[in-house]
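S.K.: One structure, as C-alpha cells, below. Some questions next.
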Amino acid sequence: MVVYWFYFLFAAFFALVGQKRLASPINNQQSININGLWWLFIFALTLLIGLRHEVGGDWDNYIRIFEEVSLIDGLKDISLSGDPGYQILNYFSYKLGFGIYGVNVICAFIFSIGLTMFCRNLPRPFMALTVAIPYLIIVVSMGYSRQAVALGIAMIGLVNLGRNNKLSFIFLIFIATTIHKSAILLLPIYVLSSTKNKFWSIIWLGIVAITFFLVFVADTLAILYSNYTNLEDIASQSEGAFIRLAMNLVPACIYLFFYKRFNLSTIEKPLWRWFSIISIGLMALYFVIPASSALDRIALYMIPLQLVIFSYLPDIFGQKDAIHRWIILAILFYYSLVLFVWLNFATHSHFWLPYQNLIFLW
C-alpha cells in the first residue's frame with residue numbers, strides 16, 4: 001500500500017507547487033515535449049506497472065492468454081477475431097523468453113507514453129497525472145492491461161486530434177482496436193463532435209448504439225447468465241461500477257455547467273462536451289441495464305475527461321484571492337480520498353495488496 005501512496009504524493013507535490021503553463025502564443029498549444037523529469041515518471045511508471053508480480057484482478061487471465069499464445073506455431077495462427085495486437089506482443093515476448101513480464105513492460109511503457117503526452121498537453125500536467133493515479137494508473141493499467149494500452153494509444157490520438165491531425169487520430173484508434181476491440185467506440189464519438197448537422201448526429205448516435213451492442217452484448221449476456229442466481233455478485237459488480245461512473249459524472253457536470261469558461265480549441269470543446277454527455281448517459285443507463293459490466297468498460301474511455309477538467313478547473317475562476325490554490329487543494333484531497341477508500345474498502349482491492357515487484361523477488 002505504501003508504494004501506491006508514494007507515487008500519488010510525489011505527483012501531488014508537483015501539482016501543488018507547480019504553476020499553470022501558458023500555451024504558445026504562436027499556435028495556442030501546449031508543448032508536449034517530454035523533458036527529463038517526465039522521462040523519470042515514465043520510467044518509474046513502467047517499473048511499477050510492468051514488473052508487478054501477481055498484482056491486479058485479471059492477473060490469472062493474462063497468464064492464460066500468454067500460455068495460449070505460446071502454443072501457436074507462428075504469427076499466421078494469430079486470431080484476427082480476438083485482439084491480434086495484444087496476441088502479437090505475447091508471441092514475441094514468449095519467443096524472446098521474457099514471459100508475461102515482457103508483455104507487461106511493453107504495455108506499461110506504451111500506456112505511460114500516452115498518459116504523459118496527454119498530461120503534457122494540459123495547462124497543469126502534474127495535476128492531471130495526480131488525478132490519473134488512484135484509478136487510471138493503479139486500477140486500470142495494473143488490472144486491465146489491454147484496455148490500458150488501448151487507452152494510452154487513444155490518448156495520443158486525442159492529443160493529435162486537438163491539434164487538428166484527424167488522420168493520425170483515426171489511425172491510432174484503429175491500432176488501439178487491435179489491442180482491445182472496445183477502443184473502436186471512440187471513432188463515432190469523434191464524428192459526433194465534429195459535425196453540427198443534427199441529422200448526421202442522430203445517424204452517428206445510432207451507429208454508436210449498434211457498435212456498443214455488437215462489442216459488448218456477448219460479454220453482458222454471459223455475465224447475466226452466469227450471475228443470474230448470484231445476487232451477491234451482481235450487487236458487488238454494480239457497487240463498483242456505480243462509483244466509477246460517478247467519478248466521470250462529476251467532471252462531466254462541471255464542464256457542461258461552466259462550458260464557456262474552459263479555454264479549449266474549437267475542436268476540443270465539442271469533443272469534451274460529448275465525452276461529458278456520454279458520461280452522464282452512462283450514469284443514467286446504470287439504473288436501466290441490469291449488468292453493469294458493459295457500462296463500466298466503456299466508462300474506461302471516458303476517464304481522460306477527469307484529467308482534462310481537473311487540470312483546467314483551478315484557473316477557470318481566475319486567481320483572485322488565490323482561489324485557485326483552494327481549488328487545487330480540494331482536487332488533491334478528493335483524489336487522495338478516492339485512493340484511500342479504494343485501497344481500504346474496495347471489494348477487489350486485495351488483488352492489488354500487498355504490491356509485489358519482480359525486482360524484489362530475485
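The values are calculated or read from the model by the stated rules, or taken from the named source; none is laboratory data. Note that the coordinates shown come from a computational prediction; the quantities given were computed from them, not determined experimentally. Cβ atoms come from the backbone with ideal geometry, glycine included; neighbour counts cover every protein chain shown.
S.K.: Can you tell me which residue among TRP38, TRP5 is over 18 Å from the mean Cα position of the chain (by Cα), of a type in the set (Phe, Trp, Tyr) and within 26 Å of GLY157 (Cβ to Cβ)?
M.R.: On the way: TRP5 fails: within 26 Å of GLY157 (Cβ to Cβ).
Testing whether each residue is over 18 Å from the mean Cα position of the chain (by Cα), of a type in the set (Phe, Trp, Tyr) and within 26 Å of GLY157 (Cβ to Cβ) leaves just TRP38.
S.K.: Do the conditions hold for ILE331, that is, is it closer than 25 Å to GLY143 by Cα and surrounded by fewer than 14 Cβ atoms within 10 Å (Cβ to Cβ)? Break it down stepwise before answering.
M.R.: Values: closer than 25 Å to GLY143 by Cα: yes; surrounded by fewer than 14 Cβ atoms within 10 Å (Cβ to Cβ): no.
The answer is no for ILE331.
S.K.: Under 23 Å from LEU172 (Cα atoms), surrounded by 14 or more Cβ atoms within 10 Å (Cβ to Cβ) and not polar (S, T, N, Q): does that describe ILE65? Explain how you work it out, then say what you get.
M.R.: Values: under 23 Å from LEU172 (Cα atoms): no; surrounded by 14 or more Cβ atoms within 10 Å (Cβ to Cβ): yes; not polar (S, T, N, Q): yes.
When the stated conditions are applied, ILE65 does not pass them.
S.K.: As an exercise: evaluate LEU80 against (1) out of contact with any Ser or Thr (no Cβ under 8 Å at 6 or more places or on another chain); (2) at pLDDT 90 or above; (3) within 26 Å of THR177 (Cα to Cα); (4) not charged (D, E, K, R) and give the number of the one condition it does not meet.
M.R.: All conditions pass for LEU80, except number (2).
S.K.: So, of the residues in segment 45-65 that are more than 18 Å from the chain's Cα centre (by Cα) and assigned to a helix (DSSP H, G or I), which turns out to be farthest from LEU115 (Cα to Cα)?
M.R.: The qualifying residue farthest from LEU115 (Cα to Cα) is ARG64.
S.K.: Report, ordered by the first and then the second residue, all pairs with beta carbons closer than 6 Å, sequence separation of six or more or different chains, a first member in segment 37-52 that is surrounded by 20 or more Cβ atoms within 10 Å (Cβ to Cβ), and a second member that is of a type in the set (Gly, Ala, Ser).
M.R.: Matching pairs, first to second residue: LEU45/SER112; THR46/ALA108; THR46/SER112; ILE49/ALA108; ILE49/SER141; GLY50/ALA108.
S.K.: Of everything in segment 8-33, what is of a type outside the set (Lys, Arg), surrounded by 13 or more Cβ atoms within 10 Å (Cβ to Cβ), out of contact with any Phe, Trp or Tyr (no Cβ under 9 Å at 6 or more places or on another chain) and in contact (Cβ under 8 Å) with a residue 12 or more places away in the chain? Give them in sequence order.
M.R.: ALA23, GLN29, GLN30
S.K.: Of everything in segment 83-105 that's small (Gly, Ala, Ser) and in contact with a Phe, Trp or Tyr (Cβ under 9 Å, 6 or more places away or on another chain), which residue is surrounded by the fewest Cβ atoms within 10 Å (Cβ to Cβ)? Don't jump to the end; show me each part of the working.
M.R.: If we filter segment 83-105 for residues that are small (Gly, Ala, Ser), which is where we start, we get 85, 93, 97, 99, 102.
In the following step, the residues that additionally are in contact with a Phe, Trp or Tyr (Cβ under 9 Å, 6 or more places away or on another chain) were identified as 93, 99, 102.
On the way: SER93: 21, GLY99: 15, GLY102: 19.
This residue is GLY99.
S.K.: Moving to a separate point now. Quick check: is even one residue across segment 75-95 acidic (Asp, Glu), within 28 Å of ILE184 (Cα to Cα) and assigned to a loop (DSSP other than H, G, I, E, B)?
M.R.: Just the residues of segment 75-95 that are acidic (Asp, Glu), to begin with: 77, 83.
Narrowing further to those that are within 28 Å of ILE184 (Cα to Cα): 77, 83.
Imposing the further condition that a residue be assigned to a loop (DSSP other than H, G, I, E, B) reduces the set to 83.
Checking segment 75-95: at least one residue is acidic (Asp, Glu), within 28 Å of ILE184 (Cα to Cα) and assigned to a loop (DSSP other than H, G, I, E, B).
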